[in-house]
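**Student:** Could you have a look at this structure, given as structure tokens, before my questions?
The values are calculated or read from the model by the stated rules, or taken from the named source; none is laboratory data. Note that this is a predicted model, so its numbers are computed, not measured. As a convention, Cβ positions derive from the backbone with ideal geometry for all residues, glycine included, and neighbour counts pool all protein chains shown. Calculation scope for accessible area: heavy atoms of the full protein, side chains included, ligands and nucleic acids excluded. Shrake-Rupley method; radii C 1.70, N 1.55, O 1.52, S 1.80 Å.
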Amino acid sequence: MFWRKKEPEDYIEKKQYQKAISLYKERLKEQPKNTALLMNLADALLLDQQLDLAIREYKKIADLHTGQGFVLKAIAIYKKILKLQPENKEVEHMLTNLSERLAMTNESPTPKGDAVSTPASPAIEIESRLFEDLSREEFQQVVNRLKLRYFEKNSVIVKEGEPGDSMFVVVHGDVRVLTHTPNKVEVFLANLGEGEFFGEIALLTGKPRTATIITNSQSELMELTRDDYDNIIAKYPHVKKVVEEFHLQRTYKTVEAMIQALEQKSTS
Ligand code: CMP
């Protein structure tokens, strides 16, 4: 019989959270800035009902993400904390602070990639085209309305032909985009990773979803509902322009991919 050293996940499965926590802490001594490990530790603390300690770890992760310029990921963590502790003023403040620092980057005349940062408040870049051109006020409006959602691998997020009431930004993980020709041939359109968004076409056109979106891995997405989107674009038509630009590009690509699929079918 083979003997295998127990992994923290084995203990989690058996609900022996304290043992899992000790193992994660042990590993973190070697890699204190490993955000995936910190996340495991925070999640295990949460399972063990140690809310305050879990939140302390989540904050560390958000700090690390912010330091590395991963704004979306930091926002997702702050939102997670606010879900656990809706009255956490410090975290609300951190979210505002993040938007302000982001605005510094957006409003800075320094060309992208050459941003000058000060140690007290380093400028950060946003890793999603959706937010890239937004002003500080616009960005804050969008961020306040985004809802954090988790999905297991192979979850269907939106289904071709169904009505659609929201759009999504990938914070963590990745998804695939599939559609079908009129004679039901499946067409792969794209893989979308962190920072990319989808679901904008149904919002813009009011028509059914043009494609099916499935998670390739466990994924964390931010969702913006139609009501929230409508509110934002009523105030900031500029947001609509960014979304419309994607809509046009994607529709064009989809048509091309469909034609290619049909051509392949007729020659095979
Ligand atoms: P929607 O039609 O609302 O739902 C399916 C989504 O898939 C669609 O919005 C787009 O966000 C996305 N999508 C459609 N076509 C493409 C494509 N060619 N490349 C990437 N994403 C696409």
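**Student:** Once you place label points 7 Å from the Cα toward the Cβ at Ser217 and Ser268, how far apart are they in nm?
**Tutor:** 2.9 nm
**Student:** Starting from the coordinates of the alpha-carbon atoms of the chain, obtain the Kirkwood hydrodynamic radius over all distinct pairs and give the value in Å to one decimal.
**Tutor:** Values: mean 1/r = 0.0485 Å⁻¹.
Computed over Cα pairs of the chain, the Kirkwood hydrodynamic radius comes out at 20.6 Å.
**Student:** Right, here's the next one. Need the C-alpha centroid separation for region 242-268 versus region 149-173, integer Å.
**Tutor:** Here the two parts' Cα centres lie 21 Å apart.
**Student:** Excluding same-chain residues fewer than 8 positions from Lys147, which lysines have a Cα within less than 17 Å of its Cα?
**Tutor:** Lys73, Lys79, Lys80, Lys83
**Student:** Can you give me the distance in nm between label points at Arg27 and Phe188, each placed 7 Å from the Cα along the Cα-to-Cβ direction?
**Tutor:** Inter-label distance under the simple model: 3.0 nm.
**Student:** Then there's this: To one decimal place, what Kirkwood hydrodynamic radius in Å is obtained for region 35-89 from all pairs of distinct Cα atoms?
**Tutor:** 11.0 Å
**Student:** Could you work out what % of the accessible surface of region 189-263 is carbon and sulfur, using a 1.4 angstrom probe and leaving DNA, RNA and ligands out of the count? Show your work: numbers first, answer last.
**Tutor:** On the way: 2030 of 3700 Å².
Here carbon and sulfur together make up 55 percent of the probe-accessible area.
**Student:** Can you give the accessible area per residue of the chain, in Å², using a 1.4 Å probe?
**Tutor:** Values: 15260 Å² over 268 residues.
Result: 57 Å² per residue.
**Student:** Separate question: Using R₀ = 30 Å, calculate the FRET efficiency as 1/(1 + (r/R₀)^6) where r is the Cβ-Cβ separation of Glu92 and Ile259; round to 0.05. Before the final figure, lay out the partial values.
**Tutor:** Details: r = 50 Å, r/R0 = 1.65.
That pair, Glu92 with Ile259, gives E of 0.05.
**Student:** Another question, if that's okay. Region 152-246: which GluC sites (Glu not before Pro) are DSSP loop and have at most 11 other beta-carbon atoms within 10 angstrom? Don't jump to the answer; show the numbers that get you there.
**Tutor:** Details: sites: Glu152, Glu160, Glu186, Glu194, Glu196, Glu200, Glu220, Glu223, Glu244, Glu245; in loops: Glu152, Glu160, Glu194, Glu196.
Filter output for region 152-246: Glu152.
**Student:** Given R₀ = 25 Å, what would the calculated FRET efficiency be for Asn231 paired with Asp174, taking r from the Cβ atoms and rounding to 0.05?
**Tutor:** Computed FRET efficiency for Asn231 and Asp174 comes out at 0.30.
**Student:** How far is helix 89-107 tilted off the main Cα axis of the chain, in degrees rounded to 10, range 0 to 90?
**Tutor:** The angle comes out at about 50 degrees.
**Student:** Three principal axis extents, largest first, for the C-alpha atoms of region 176-215, in Å?
**Tutor:** 33, 24, 12
**Student:** Using only the alpha carbons, work out the radius of gyration and Dmax of region 1-95 in angstrom.
**Tutor:** 14.5, 55
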